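J.: My structure is below; once you've seen it, I'll send some questions.
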Amino acid sequence: MGPVEAILASGAKVGVFFQPTNRIKEVKSLSQLNKYFWKYKYRLLLGVAFVAINNYFGAEAKLYVGKGTDYVADLIKHGGSFSSTANKELLFFGFLVIGLVLLQGVFMFLMRQMIIVMSRLIEYDSKNEIFNQYQLLDQSFFKRNNTGDLMNRISEDVSRVRMYTGPAMMYIANTLGSFFFTIPYMFNINIRLTLIILSPMPLVVISIWYVSSLINRRSTEVQRQLSGISTFAQETFSGIRVMKAYAREEKINEQFGEQTQKYRSLFLRLVKTEGAFQPLVLLLVGMSNILAIYFGGMAYIHGEIKPGEIITLLMFINGLIWPIASLGWVTSLVQRAAASQERINQFLHTKPDIKGGPLHPDMLHGQISFKNVSLTYPDSGIKALKHISFEVATGKSLAIVGRTGSGKSTIAALITRLYDSTEGEVLLDGKPIQDYSLESLRGSIGYVPQEVFLFSDTIANNILFVKDMISSSDREEMISAAKAAAIHDGIMEFPDGYETMLGERGITLSGGQKQRISMARAFVKEPKVLIFDDCLSAVDTETEELILQNLEEIMKDKTTVIISHRISSVKNCDHILVLEDGSVAEEGNHDTLLKLNGIYAGMHRQQLLENELKE
Ligand SMILES: Nc1ncnc2c1ncn2[C@@H]1O[C@H](COP(=O)(O)OP(=O)(O)O)[C@@H](O)[C@H]1O
Ligand SMILES: [Mg+2]
């Protein structure tokens, strides 16, 4: 790197710290939350009112401490003794101060109740908003963004934002409130003395600001290092088998040691800065206190002020320190919340590309036609389908065979509208697929995807996934669906039958068992269109035969699309498409394709041979 580039590069780094336009844009992102403040406006207003009342009682308590002191000072000055009236007077001051402080406490509690509870309600609302948005977004959105990122925005970012709507709001209100109920009171006591006492304030504010931004920067570094360590540890544990198999323990230990070492030194640096913060604040307060006592004493000697008033001024100035000190912390809370909200907004403002149309039939009939359809995947630019045309009449069956990557699953994705074609038209019952509402469309289709997904739940709940409420007739349907998918007997062998838990803390099923449960899920729905995407691949040939026989009964009045790489699964279908690299290479029924003696016939010969070899 030449000197010029080096300077440019360092300039770019400096730019990271000074990006005022970015900061402003980020802080603007918080306006997304204004609708929630409006929703909870009474809570917010009450909260602010309680902040004011709390500060008012605090200020009054300080005044009465001073007045009590002056009463005693007067008594001594005039040579009076503690009579019973004096005693009563003093008790009065004592109880008044205690009462005022208690009231201050009550309103502090109420202010937290209002503002912190409001922030929790906003957190709840915005989590729901984000989750609903996620559900609306397309498959392609989930391809572009990783799961960790999605999870972070709904959990961590939302809780950072809550620090703004809750604590930051409360502290800002409290700092304003304490200034409002302190400065006028102080001026009222003695203008000249107040100005003297407040003179170190600009220095206090600037130095607190400086130190707290240093603390923020360092704690961000610590956080980043910490999350690096957890990612490292997590990867090590998930890859533990590979790690052990290659005997890499020592090397990994070494790397982990380096990471923790770095974490330690970063943390120590942070702790040192933090350690300087409190003494600094106390030092600066001390300056104000010394000024108050010295100049207050002088003023007393000149008879310009009463001793109790000096005490009140001291209490006021000390009461201001923590509200000021909290400002630095509050700024960092707001900045972090703004950055988080900016990330959340990116997702909230994403519009789904695939939207439903106006037609909303209860059920489609199930006639499918593709007219010169092409699809280029938006994110990878892969041309997965090229000028595909075919038609399936209601109640008929279509098979799609072809090599991996030839575009079979893509056809299924177009029929379920997980994607829209980039060229040509997909028609259902003679109308463009885009005209139907997504509920109507997907409600009419039973789709068994290539990648089986089962929830960590009971087998029954997995099969009855589409039902909102489960009745006893649903159970019967479930059992007949499981029988059709040739999995009922298998399920009954499990200790809890249909109530057996699957997933993380439940039992692990074989690939074929998973596929069959996933098929049963589609059967229960009783759709008009059934799409099986390579879902017999992990099932042995005998079970396959059984399921195919059952399918004949189920398929009778339904349109079926069977995607497979096995000829045995598709030979009885009415029409067969052979895909090659996104185009239709051959089509016809089993017999005509065999006669053609092309790709299909070749696959057939090869699979017959394989079966013979197995036996
Ligand atoms: N969601 C996707 N985004 C981008 N490219 C994809 C996506 N799904 C599939 N592809 C690509 O499109 C081509 C066809 O894939 P696919 O339809 O899954 O083939 P098949 O089901 O026949 O194995 C492949 O090259 C694949 O990499
Ligand atoms: Mg596929």
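J.: In the stretch 357-383, which residue that is polar (S, T, N, Q) and within 16 Å of ligand 1 (Cβ to nearest atom) is farthest from L548 (Cα to Cα)?
T.: Checked the stretch 357-383; the qualifying residue farthest from L548 (Cα to Cα) is S380.
J.: In this structure, does I382 turn out to be under 32 Å from the mean Cα position of the chain (by Cα), within 16 Å of ligand 2 (Cβ to nearest atom) and at pLDDT 90 or above?
T.: yes
J.: While we're looking at this one, here's another question. Quick check on the stretch 385-416: of everything there that is away from ligand 2 (no atom under 13 Å from the Cβ) and basic (K, R), which residue is nearest to D534 (Cα to Cα)?
T.: Looking at residues that are away from ligand 2 (no atom under 13 Å from the Cβ) and basic (K, R), I get K396.
J.: For the list (1) within 16 Å of ligand 1 (Cβ to nearest atom); (2) touching a Pro at 6+ places or on another chain (Cβ under 9 Å), I need the number of the one condition that N146 fails.
T.: All conditions pass for N146, except number (2).
J.: Return the residue satisfying two criteria in turn: it lies in the stretch 529-542 and is acidic (D, E) and either modelled with pLDDT of 90 or more or within 33 Å of the chain's Cα centre (by Cα) (or both), and of such residues it is most open to solvent (accessible area, probe 1.4 Å).
T.: The qualifying residue most open to solvent (accessible area, probe 1.4 Å) is D534.
J.: Now for a different question. Going by what's in this entry, would V158 be described as more than 16 Å from ligand 1 (Cβ to nearest atom), part of a helix (DSSP H, G or I) and surrounded by fewer than 19 Cβ atoms within 10 Å (Cβ to Cβ)?
T.: no
J.: Just checking, how many residues over the stretch 115-150 are within 27 Å of I172 (Cα to Cα), open to solvent by 80 Å² or more (accessible area, probe 1.4 Å) and either touching a residue at least 12 places away in the same chain (Cβ under 8 Å) or assigned to a loop (DSSP other than H, G, I, E, B) (or both)?
T.: Count: 1.
J.: While we're here: Looking at the stretch 330-349, I want the residues that are charged (D, E, K, R) and have a partner that is open to solvent by 30 Å² or more (accessible area, probe 1.4 Å) with Cβ atoms under 6 Å, at least 6 apart or on another chain. Which pairs are those?
T.: Short answer, once both residue conditions are applied: R336/R160; E342/E26.
J.: Could you tell me which of the residues Y40, Y56 is at pLDDT 95 or above and either more than 30 Å from I310 (Cβ to Cβ) or crowded, with 19+ Cβ neighbours inside 10 Å (or both)?
T.: Only one candidate qualifies: Y40.
J.: Now for a different question. If you go through the stretch 460-475 one residue at a time, do you hit one that is more than 16 Å from ligand 2 (Cβ to nearest atom) and in contact (Cβ under 8 Å) with a residue 60 or more places away in the chain?
T.: yes
J.: Same structure again: Any idea which of E587, E552 is away from ligand 2 (no atom under 16 Å from the Cβ), in contact with a strand residue (DSSP E or B) (Cβ under 8 Å, 6 or more places away or on another chain) and open to solvent by 60 Å² or more (accessible area, probe 1.4 Å)?
T.: On inspection, the qualifying residue turns out to be E587.
Yes/no per residue for (1) under 30 Å from I172 (Cβ atoms); (2) in the same structural domain as F277 (by TED's automatic domain parsing); (3) small (G, A, S):
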{"position": "G319", "(1), (2), (3)": "yes, no, yes"}
{"position": "W329", "(1), (2), (3)": "yes, no, no"}
{"position": "G381", "(1), (2), (3)": "no, no, yes"}
{"position": "F390", "(1), (2), (3)": "no, no, no"}
{"position": "T394", "(1), (2), (3)": "no, no, no"}
{"position": "S397", "(1), (2), (3)": "no, no, yes"}
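J.: Which helices (runs of 4 or more DSSP H) does the stretch 417-502 wholly contain that include 3 or more residues that are within 16 Å of ligand 1 (Cβ to nearest atom) and closer than 27 Å to P361 by Cβ?
T.: Ranges flagged: none.
J.: Which ones in the stretch 462-478 are of a type outside the set (K, R) and surrounded by fewer than 18 Cβ atoms within 10 Å (Cβ to Cβ)?
T.: Scanning the stretch 462-478 gives F465, V466, D468, M469, I470, S471, S472, S473, D474, E476.
J.: G582 passes all but one of (1) within 20 Å of I415 (Cβ to Cβ); (2) more than 16 Å from ligand 1 (Cβ to nearest atom); which number fails?
T.: The number of the failed condition is (2).
J.: Here is a further query. I'm told V205 meets every condition in (1) farther than 24 Å from A52 by Cβ; (2) touching a residue at least 60 places away in the same chain (Cβ under 8 Å); (3) open to solvent by 50 Å² or more (accessible area, probe 1.4 Å) except one. Can you identify the failing condition by its number?
T.: (1)
J.: Somewhere in the stretch 519-528, is a residue open to solvent by 50 Å² or more (accessible area, probe 1.4 Å), more than 21 Å from M492 (Cα to Cα) and outside any loop (DSSP other than H, G, I, E, B)?
T.: no
J.: Hey, another quick one. Which residue out of S440, S397, S409 is within 22 Å of S583 (Cβ to Cβ) and under 31 Å from the mean Cα position of the chain (by Cα)?
T.: S409
J.: Determine, yes or no, whether D557 is open to solvent by 40 Å² or more (accessible area, probe 1.4 Å), touching a residue at least 24 places away in the same chain (Cβ under 8 Å) and away from ligand 2 (no atom under 16 Å from the Cβ).
T.: In short, yes.
J.: Within the stretch 128-159, how many residues turn out to be modelled with pLDDT under 85 and either under 14 Å from H349 (Cα atoms) or within 8 Å of the chain's Cα centre (by Cα) (or both)?
T.: 2
J.: Can you pull out every residue in the stretch 384-416 that is of a type outside the set (A, V, I, L, M), more than 8 Å from ligand 1 (Cβ to nearest atom) and surrounded by 15 or more Cβ atoms within 10 Å (Cβ to Cβ)?
T.: Listed by number, the residues that qualify are K386, F390, T394, G395, K396, S397, T416.
J.: Which ones in the stretch 441-451 are surrounded by 14 or more Cβ atoms within 10 Å (Cβ to Cβ) and closer than 17 Å to T404 by Cα?
T.: Within the stretch 441-451, P449, Q450 qualify.
J.: Related question: Would you confirm whether any residue within the stretch 538-550 is assigned by TED's automatic domain parsing to the domain that holds L364 and part of a strand (DSSP E or B)?
T.: no
J.: Further question on the same structure: Does L502 satisfy the condition of being among the hydrophobic types (A, V, I, L, M, F, W, C), touching a Lys or Arg at 6+ places or on another chain (Cβ under 8 Å) and either open to solvent by less than 60 Å² (accessible area, probe 1.4 Å) or not assigned by TED's automatic domain parsing to the domain that holds S397 (or both)?
T.: no
J.: Just checking, which of I310, I344 is within 19 Å of the chain's Cα centre (by Cα) and assigned to a helix (DSSP H, G or I)?
T.: I344
The values are calculated or read from the model by the stated rules, or taken from the named source; none is laboratory data. Just so you know, these numbers come straight off a predicted model, no measurement behind them. Positions of Cβ are generated from backbone atoms using ideal geometry, with glycine treated the same way; all protein chains shown enter the neighbour counts. When the accessible area is computed, the model is the full protein with side chains, heavy atoms only, and any ligands, DNA or RNA have been set aside. Shrake-Rupley method; radii C 1.70, N 1.55, O 1.52, S 1.80 Å.
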